[in-house]
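Presented below is the structure to which this report refers.
The values are calculated or read from the model by the stated rules, or taken from the named source; none is laboratory data. Worth saying up front: this structure is predicted, and the values here are computed from it rather than measured. Neighbour counts are summed over all protein chains in view; Cβ atoms, including those assigned to glycine, are modelled from backbone coordinates with ideal geometry.
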Amino acid sequence: MFFKQFSKITNVDTSTIRKFDAWLISLPKHLQKNITISGASARSGIEYSQVNKLLSFAYDENILSKHFLVKCPHCGAILQSIESNEIISTLGNNLECDECGDICITTDDILIAYELIEHPSVNDNDLPSITSSEENSDASNFLPADSLSYQLHNLYEAFYNPDESAYIHFSKLRDALDLDYGTNNTAKGNALEKLVLALFSEIQHIKGTNKIKTNTNQFDCTFISAIKTCYPSIFDYLSPYFIVECKNEKKKPDNTYTNKLESIIRTNDAKLGIIVGRSNATNTCFTLSREHYLTTMNSNCPKIIITLSDDDLKKIIDDHVNLLLFLQYKIFQVTSNSPNAQYEYFIESQESATA
């Protein structure tokens, strides 16, 4: 193979990998910059889902870089190219299209694109002869699946992308959970609250505090979300605010914690309640969460309670799993009544293409 990194892929057909490898190395220079999934699929003759996986793998291996193309929803013209940190400021804003005038940009109008940045030293005589449809008009058309609306993990990365110093901070706060606080239960509880505040405050436009008291309850952590979307996503549950109960103890969260949190969010506008404990919650806790969800699922304000444990924190902190994607997976468990579903089933990154 020309790109040696592809030899690490084990669950994609070898002939498909070689075909993609040969196609990528043979790309003319003018086609190396704005590589979309649909365009690569049309030009290489490889199934869309396989190309999606291979492009994602190539990005993880630094063969490709990633950027985003903003198109006009009416005429399809590319209005500009942006980086991940510009997605948030672009969404909902108006851009000028020479043909169509002012256009309000949504996630449907932002496409994932790649650029070839690694160029192995290859003799021209060794380049494969590729039969591809470079002039095929279908190759220049974008599919809806190229957009952020269908590739939410790219959108979530724009909203939650802690740097290495943040992960070091998370680890230090987690280490503090097991310090000897003696009989000072307040300090012990505050240790977990500090970690929760640090994690969720890394989400763009999310602000949190552990100082909220009502006439009837004190909330461990409360987060206000300034994000309101026009498409179904995790942000629908985070808005307008969500509440987190922290239990820095080895005891498993059970129906007591679930019922308490349910009684809290039932009387306010929060759609999401989260119980963060050290151990995995009991089966009864999930059953009650499911039952509470069913009573509100057809209302204007469905209520969901999910739980996080040390095992989940390990994924978020040590494995750098995107917190927004992980919350969506946790919500899926409740709404689908699938407590045994694993986050790994949904991974679409390098792990999905390797052993």
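So here's what we get for this one:
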read-out	value
ASN62, sole failed condition from (1) surrounded by 13 or more Cβ atoms within 10 Å (Cβ to Cβ); (2) touching an Asp or Glu at 6+ places or on another chain (Cβ under 7 Å)	(1)
Residue that is surrounded by 20 or more Cβ atoms within 10 Å (Cβ to Cβ), at pLDDT below 95 and of a type in the set (S, T, N, Q), where the choices are THR258, THR282	THR258
Members of segment 162-181 found to be surrounded by fewer than 17 Cβ atoms within 10 Å (Cβ to Cβ) and not in a helix (DSSP H, G or I), listed by number	ASP163, LEU179, ASP180, TYR181
Positions within segment 207-223 being farther than 16 Å from LYS271 by Cα and over 25 Å from the mean Cα position of the chain (by Cα), in sequence order	ASN210, LYS211, ILE212, LYS213, THR214, ASN215, THR216, ASN217, GLN218, ASP220
Members of segment 161-206 that are β-branched (Val, Ile, Thr), farther than 15 Å from LYS315 by Cα and either outside the structural domain of TYR241 (by TED's automatic domain parsing) or under 19 Å from the mean Cα position of the chain (by Cα) (or both)	ILE203, ILE206
Residue that is nearest to SER149 (Cα to Cα) [pool: residues in segment 85-114 that are among the polar types (S, T, N, Q) and surrounded by 15 or more Cβ atoms within 10 Å (Cβ to Cβ)]	THR107
Given (1) at pLDDT 85 or above; (2) in the same structural domain as GLY45 (by TED's automatic domain parsing); (3) part of a helix (DSSP H, G or I), index of the condition ASP138 fails	(1)
Residue in segment 289-302 that is crowded, with 22+ Cβ neighbours inside 10 Å, under 22 Å from LYS194 (Cα atoms) and either among the hydroxyl-bearing types (Ser, Thr, Tyr) or at pLDDT 95 or above (or both) present	no
Answer from SER26, SER15, SER49 - the residue that is closer than 21 Å to ILE117 by Cα, among the polar types (S, T, N, Q), out of contact with any helix residue (DSSP H, G or I) (no Cβ under 8 Å at 6 or more places or on another chain) and surrounded by fewer than 17 Cβ atoms within 10 Å (Cβ to Cβ)	SER26
